[in-house]
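The values are calculated or read from the model by the stated rules, or taken from the named source; none is laboratory data. Source: prediction; values computed, not measured. Positions of Cβ are generated from backbone atoms using ideal geometry, with glycine treated the same way; all protein chains shown enter the neighbour counts. These accessible areas exclude ligands, DNA and RNA; they are computed on the full protein's heavy atoms, side chains included. Shrake-Rupley method; radii C 1.70, N 1.55, O 1.52, S 1.80 Å.
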Amino acid sequence: MGAILLCWLQILPIGAQEPPRGQINRAPQVDMNSGFPRNEFRPGMVSQPVMRDSARVFNLIRDGKLYLSLQDAIALSLENNLDLELERYGIAMGDTDATRAQGGGTLRGVPLTVNEAAPGIGGPSGSPLLTTAATGTTPQSVVSVTVTDTGFIDETENSLDITGPFAYASGPPLPLFDPVLSGQLLGEYSSTPEATTTDTGNTTLTSASFTGNLNYQQGFANGAQISAGFQNTYQGMNTIYNVLQPYTLSSLGVTVTQPLLRGYGKDVNQRFIHIANNSRKISNYVFEQQAISTVFGVIRLYDDLVSLIADQHVKEETLAAAQRLLEDNQNKVEQGTLAPIEATRAQAQVAAAQQDLINSQGYVRQQELVLKNILFRDWGGEPAVHDARIVPTDTLTLDPLPTQTPNELVTLALRNRPEYLVGTLQLSNTQINLKGTRNELLPELDLVGSVQLSGLAGGLNSSLEQSLVSPLNSALPGVGGNYGTVLDQIFSGQYPSVSFGLNLNIPIRNRVAQSDVARDELQVRQTEVRLKQLENTIRNEVEDALIALQRTRAAYEAATLTTKLQEESLNIEQEKFDVGLSTNFLVIQYQSYVAQARSTEVAALDAYAKAKAQYERALGLTLDIHNVSVDEAHSGIVQRVSSPAIPPPAIPPPAIPPPAAPPPGR
């Protein structure tokens, strides 16, 4: 009973328990239980997903604020992002397919979709950073009529599949590489009334038998199939016609079937193993692409948050300037040196600036929510994380423009972009599939060989006439023997049976196989075209990203100069107004110009930052440039130590740091 209970406990799946915070192995753990015989019948166990956030976030929160550098934001996403967690299971699925193929099974496929981070409030489809052109004479505030927009917060899916929606033909059946051992034990007793006494000497036929069989089957890479069987029958009947009563009949046989045309060869029979090995690489590339998409999303959302906060500071400065003008005008109205209408106009300017500030503050809060959703697993369930305001500690900077030619950059991108590497492996898989489909065109011609050894033993039937007993006793080697006698006959080859032959099966016209080959070859050609399309898309993305990088940098430099000139114009107009040579209307107008120029400068720097991030992604260098290890991303455990920075000043300094060195290629 104890042995039975122990076996049962080995078969039962064991529920995975979530480890304490700070001791979490993020990567899903899969136990395939390889090994005979202890775990052959125990299901593979998969660790449960962890829904708690890593301890890093709690080290970054101070006084209800989450002080976050870009590197810490990237580290948090690698540890906690749920899109990466999904792809970790995808890698494990690729491993299970490889194991399945090694056993002779067909493939179930691996995930090929990648989730793109939400656009965020500062996204390309509706950024509020730049709302109106730097023209106009009337101060105005922009009020969004859309209270919320799921387009800002919803993720999108991107499929890396270039093979199309149609499945390939299955090709010739695969050998079962995992051996199969089967057995049978059967005991039977029967008692049957007889209408005559000719067979038994009485009116009842009784029979007692026991059968014990053992069979073994296995396939091999060249297509050969081996089937071996050990058959045993013990039979006892009360008939008078059996010479041996009771008797034991046993046989040991082996049959080998070797395909010579259809189903022959390692390339054909191991095609799913080759495809599964490619699919494992594909799973790793898909994960790398998800890591790139996630890190790129973090960079973009972080840069947008920095810009939205900077724009909020601009709105605060604009409101402060409008309030100072209102106070001056009110004093002059009281002194009788200014018409009351001028104070009213200044008050309208204050109201418009207040509305812009309210909008800007709301955009910052919304962007924080979008960023939290990509950085944390359960930010809503942890009050400290949910309530913490994000304070970015990094500012946006300018880097030197690349010096490589577009062709050099495209070559670098094709060498690094995971989706292109996935496409080349998918093309390879379609070509491997096509080999199997073409093999299906061949006739079936199988060489079959069989060898069987038999043995028989038992006591003489006591119902036989005594005159027959003596000659039978000398004629049959098994007379009077037991099961040992049977085994001796088998292993000495006393009663052999040998056969060899050919099995031929020729399909007439063979239209099904011909159509499958033509269809699969068409799909291979389609895959080649799609791969070329992907190559052209990558080339287009690289050159477009390079142009955008150059354009946004020039736009930022122009915006910086515009801000400087508008501020000088405002100072001159203010001086003229102070001595009575200008009007309140013109001062308000120039204040509006300065506010718009500053917002434009913030938006231009944000556009450059996003162009730089897109350029890095177009080259496939996002992870390298930001010091992200794919192994760290897969394990979900980032070794770098967070160093919460001192909170930045209220308004980021306008000065641009010296250009950094260009990032090295992979």
Q: May I ask you to list pairs of residues, at least six apart or on different chains, whose Cβ atoms are under 6 Å apart, with the first in the range 39-54 being hydroxyl-bearing (Ser, Thr, Tyr) and the second being modelled with pLDDT of 70 or more?
A: 54/79; 54/80
Q. Among 416, 429, 433, which is open to solvent by less than 50 Å² (accessible area, probe 1.4 Å) and closer than 29 Å to residue 73 by Cβ?
A. 416
Q. Going by the conditions given, is residue 217 within 48 Å of the chain's Cα centre (by Cα) and more than 21 Å from residue 455 (Cβ to Cβ)?
A. yes
Q: Within the range 309-329, work out how many residues are over 14 Å from residue 358 (Cα atoms) and touching a Lys or Arg at 6+ places or on another chain (Cβ under 6 Å).
A: 0
Q | Number of the exception - residue 238 against (1) closer than 26 Å to residue 430 by Cα; (2) modelled with pLDDT under 90; (3) not charged (D, E, K, R) | A | (1)
(Q) Let me confirm something: among 207, 191, 182, which residue is free of Cβ contacts under 8 Å to residues at least 40 places away in the same chain, in a strand (DSSP E or B) and open to solvent by 60 Å² or more (accessible area, probe 1.4 Å)? (A) 191
(Q) Step by step: first the residues of the range 303-335, then only those that are of a type in the set (Asp, Glu) and over 29 Å from residue 69 (Cβ atoms), then the one that is modelled with the lowest pLDDT. Which residue is that? (A) 328
Q. Looking at residue 299, is it open to solvent by less than 30 Å² (accessible area, probe 1.4 Å), assigned to a strand (DSSP E or B), under 30 Å from residue 642 (Cβ atoms) and at pLDDT 90 or above?
A. no
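Matching residues to (1) modelled with pLDDT of 90 or more; (2) surrounded by fewer than 22 Cβ atoms within 10 Å (Cβ to Cβ):
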| residue | (1), (2) |
| --- | --- |
| 608 | yes, no |
| 612 | yes, no |
| 621 | yes, yes |
| 624 | yes, yes |
| 627 | yes, yes |
| 633 | yes, no |
| 639 | no, yes |
| 642 | no, yes |
| 646 | no, yes |
(Q) So, in the range 92-123, how many residues would count as being assigned to a helix (DSSP H, G or I) and either within 30 Å of residue 610 (Cα to Cα) or of a type in the set (D, E, K, R) (or both)? (A) 3
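A quick yes/no check of all residues on (1) open to solvent by less than 10 Å² (accessible area, probe 1.4 Å); (2) acidic (Asp, Glu); (3) without any contact (Cβ under 8 Å) to a residue 24 or more places away in the chain:
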{"residue": "80", "(1), (2), (3)": "yes, no, no"}
{"residue": "94", "(1), (2), (3)": "yes, no, no"}
{"residue": "102", "(1), (2), (3)": "no, no, no"}
{"residue": "111", "(1), (2), (3)": "no, no, no"}
{"residue": "116", "(1), (2), (3)": "no, yes, no"}
Q: Report yes if residue 318 is touching a residue at least 24 places away in the same chain (Cβ under 8 Å) and open to solvent by 20 Å² or more (accessible area, probe 1.4 Å), otherwise no.
A: yes
Q: Kindly provide the set of residues from the range 476-532 that are part of a strand (DSSP E or B), of a type in the set (Val, Ile, Thr) and open to solvent by 80 Å² or more (accessible area, probe 1.4 Å), ordered by number.
A: 498
Q. What is the residue count in the range 436-455 for residues that are crowded, with 20+ Cβ neighbours inside 10 Å and assigned to a helix (DSSP H, G or I)?
A. 3
Q) From the list 63, 154, 97, which residue is within 24 Å of residue 290 (Cβ to Cβ) and modelled with pLDDT of 85 or more? A) 97
Q: May I ask you to list the residues in the range 210-227 that are in a strand (DSSP E or B) and either open to solvent by 40 Å² or more (accessible area, probe 1.4 Å) or closer than 19 Å to residue 103 by Cβ (or both)?
A: 210, 214, 215, 216, 217, 218, 219, 225, 226, 227
Q: Mind listing just one residue for me: the one in the range 580-603 that is within 48 Å of the chain's Cα centre (by Cα) and small (Gly, Ala, Ser) and, of those, nearest to residue 320 (Cα to Cα)?
A: 595
